[in-house]
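Take a look at the structure set out below.
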């Protein structure tokens with residue numbers, strides 16, 4: 001997917017932590033990282049059109065910036081050594097929707113599906129569908145249990161907030177956030193031309209889970225719109 005020099009560039013750029021150094025090597029960033037990732041998005045487009053035609057497929061909206069906003073961060077490093085590719089619907093039209101994501105650095109990579117950012121109230125939509133044993137939740141649950149690549153992750157409440165619910169639902173509802181991910185502690189796979197088709201095959205397991213999350217997000221979106229309708233009335 002990307003040349004080995006791209007990983008070296010990410011490491012070296014973070015090490016220098018210099019706007020001047022990056023400016024002098026910006027052409028290398030374009031050739032080693034931006035252009036290969038634009039091709040990656042193009043190669044992944046058929047899969048995402050299959051998974052959800054509403055996913056935004058413009059590379060500039062998918063690939064994270066390499067420079068960091070340090071205004072409100074204790075970490076004052078100017079650049080990231082991690083690149084995030086986040087495939088989701090238009091955030092301006094569909095706030096709080098799930099995504100398929102790939103995150104990589106010289107140390108390894110992580111990929112999966114779910115909520116990378118969980119606005120307040122979003123998990124309520126997930127819980128409503130789970131506790132109602134919604135058909136899309138049942139499909140998501142079956143998909144999650146029928147594979148061994150991805151694990152359910154996200155912040156969990158320290159105590160059980162829903163003790164009256166069946167124990168088998170606890171992993172889905174007793175959370176502040178939820179996503180499914182797989183982490184690999186090496187980056188050599190990213191260098192292979194076989195990485196993109198392999199990634200698409202793995203993402204296929206997550207499609208029912210993604211659709212379930214989209215349904216939960218739709219509930220969240222409707223609930224956010226209700227006060228606006230009340231004001232207009």
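The values are calculated or read from the model by the stated rules, or taken from the named source; none is laboratory data. Bear in mind that the values here come from a model prediction, so they are computed numbers and not experimental data. Here the Cβ positions follow ideal geometry from the backbone for every residue, glycine too, while neighbour counts run over all protein chains shown.
Apart from one condition, residue 105 fits all of (1) touching a helix residue (DSSP H, G or I) at 6+ places or on another chain (Cβ under 7 Å); (2) farther than 30 Å from residue 188 by Cβ; the exception is (2). Going by the structure shown, is residue 176 farther than 21 Å from residue 86 by Cα and either free of Cβ contacts under 8 Å to residues at least 12 places away in the same chain or surrounded by fewer than 17 Cβ atoms within 10 Å (Cβ to Cβ) (or both)? Criteria not met by residue 176. Looking at region 137-153, can you tell me whether even one residue there is at pLDDT 95 or above, touching a helix residue (DSSP H, G or I) at 6+ places or on another chain (Cβ under 7 Å), more than 28 Å from residue 48 (Cα to Cα) and part of a helix (DSSP H, G or I)? Within region 137-153, none of the residues are at pLDDT 95 or above, touching a helix residue (DSSP H, G or I) at 6+ places or on another chain (Cβ under 7 Å), more than 28 Å from residue 48 (Cα to Cα) and part of a helix (DSSP H, G or I).
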